[in-house]
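Reading through the structure tokens given below for one structure.
The values are calculated or read from the model by the stated rules, or taken from the named source; none is laboratory data. Predicted, not measured: the structure shown is a model, and the values here were computed from it. Cβ sites come from the backbone with ideal geometry, for glycine too, and all protein chains shown count toward neighbours.
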């Protein structure tokens, strides 16, 4: 049987996603996704919001991240398994879906391993645009795994970053990152330790994978006037910053009920004050207010950012044609006769 148009859902494969990135250009696409995320932060109050639904194991976590703006529903499936790289596998894989709220029919299915890397970096840079010191042009990138190049180039595209100072406990990761960034118009400095990496950096990004309470930055390493982009702590029991840094910082979060479970602030009292970043975007709260202020984005990733990224991709499909029409939905001639559809599909004797 030939599927009807109603049965077909646009599916963006990994290959199509990579073609889309190259066709648009990585930095323009990072800027575009950041604009969609910021636009959705402006209408934050419209969205359904819930902490992601997580299934934890000793090896990692599998999560579902749902949201809706009342017209479109979206969710992402994502895992986080730090041990995977030792087995030749990705630490994070993901796929996502958008659906029409009025009918419940899916309107987009997409890979999100690649797209999550872009949306995470775009979110970081969009936030840094509001919170980083004026004229910030140097970033310490501590943790040089799969996210590091995306973070660097998003900061370049959106915040005007000129120099990145790299450090990873694994020198091979730093060599990989430095080689990948060599032709992207940014000065790359490879460092022997975290202390060296943060020298002269106004933006400090931590993105490590170990699923444990860790102290990547100690209290005495962080001086006044910097912006910290903490993205590695993203599940219970996994942090990167000394608690003393948090006590000295103005902390900005996506969605407090999720961040208090998963973010750096799981180290603090449940009533420790934090600022919801959407309030900065809408002008309800000030971001950076002084040259000596330490701003901290305690980023754990939130479903609305994935919704924004999927919405951006969906808006590119008509012009690019970079998708497969996937036969995903049963569409019987009579909506009440699903069994009849099955019978008519039986092979002839």
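Which residue is nearest to residue 79 (Cα to Cα), if the candidates are limited to the stretch 15-63 and must be touching a residue at least 40 places away in the same chain (Cβ under 8 Å), more than 17 Å from the chain's Cα centre (by Cα) and assigned to a loop (DSSP other than H, G, I, E, B)? Restricting to residues being touching a residue at least 40 places away in the same chain (Cβ under 8 Å), more than 17 Å from the chain's Cα centre (by Cα) and assigned to a loop (DSSP other than H, G, I, E, B), the top hit is 60. If we scan the stretch 101-109, do we find a residue that is touching a strand residue (DSSP E or B) at 6+ places or on another chain (Cβ under 8 Å), within 18 Å of residue 62 (Cα to Cα) and in the same structural domain as residue 326 (by TED's automatic domain parsing)? So far as the stretch 101-109 goes, no, none of its residues is touching a strand residue (DSSP E or B) at 6+ places or on another chain (Cβ under 8 Å), within 18 Å of residue 62 (Cα to Cα) and in the same structural domain as residue 326 (by TED's automatic domain parsing).
Restricted to the stretch 1-23, and to residues there that are closer than 24 Å to residue 302 by Cβ and out of contact with any strand residue (DSSP E or B) (no Cβ under 6 Å at 6 or more places or on another chain), the residue that is surrounded by the most Cβ atoms within 10 Å (Cβ to Cβ) is 20. With respect to the stated conditions, residue 324 fails to be surrounded by fewer than 23 Cβ atoms within 10 Å (Cβ to Cβ) and either at positive phi or not assigned by TED's automatic domain parsing to the domain that holds residue 10 (or both).
Among all residues of the stretch 283-303, there is none that is buried (at least 22 other Cβ atoms within 10 Å of the Cβ) and under 19 Å from residue 8 (Cβ atoms).
Can you tell which of 58, 102, 34, 39 is exposed (fewer than 15 other Cβ atoms within 10 Å of the Cβ) and within 13 Å of residue 309 (Cα to Cα)?
On the way: 58 fails: within 13 Å of residue 309 (Cα to Cα); 102 fails: within 13 Å of residue 309 (Cα to Cα); 34 fails: exposed (fewer than 15 other Cβ atoms within 10 Å of the Cβ).
The match here is 39.
Screening residue 96 on (1) touching a residue at least 40 places away in the same chain (Cβ under 8 Å); (2) more than 17 Å from the chain's Cα centre (by Cα); (3) outside any helix (DSSP H, G or I) shows it passes everything except condition (2).
In summary, residue 88 fulfils each of the numbered conditions (1) in contact with a helix residue (DSSP H, G or I) (Cβ under 7 Å, 6 or more places away or on another chain); (2) on the phi > 0 side of the Ramachandran plot with the single exception of condition (1).
Here is a check on your reading of the model: is residue 311 closer than 28 Å to residue 112 by Cα and either touching a helix residue (DSSP H, G or I) at 6+ places or on another chain (Cβ under 7 Å) or not assigned by TED's automatic domain parsing to the domain that holds residue 21 (or both)? Please lay out each step first, then the result.
Details: closer than 28 Å to residue 112 by Cα: yes; either touching a helix residue (DSSP H, G or I) at 6+ places or on another chain (Cβ under 7 Å) or not assigned by TED's automatic domain parsing to the domain that holds residue 21 (or both): yes.
Judged against the criteria, residue 311 is a match.
Taken residue by residue, the stretch 138-159 has no member that is in a loop (DSSP other than H, G, I, E, B), surrounded by fewer than 23 Cβ atoms within 10 Å (Cβ to Cβ) and over 19 Å from the mean Cα position of the chain (by Cα). In the stretch 287-300, of all residues being in contact with a helix residue (DSSP H, G or I) (Cβ under 7 Å, 6 or more places away or on another chain) and part of a loop (DSSP other than H, G, I, E, B), the one that is farthest from residue 128 (Cα to Cα) corresponds to 300.
Determine if the stretch 328-340 includes at least one residue that is in contact (Cβ under 8 Å) with a residue 24 or more places away in the chain and not in a loop (DSSP other than H, G, I, E, B). Working first, answer last.
Taking the stretch 328-340 and keeping what is in contact (Cβ under 8 Å) with a residue 24 or more places away in the chain, we get 328-331.
Right, trim to not in a loop (DSSP other than H, G, I, E, B) and you get none.
No, the stretch 328-340 has no match at all.
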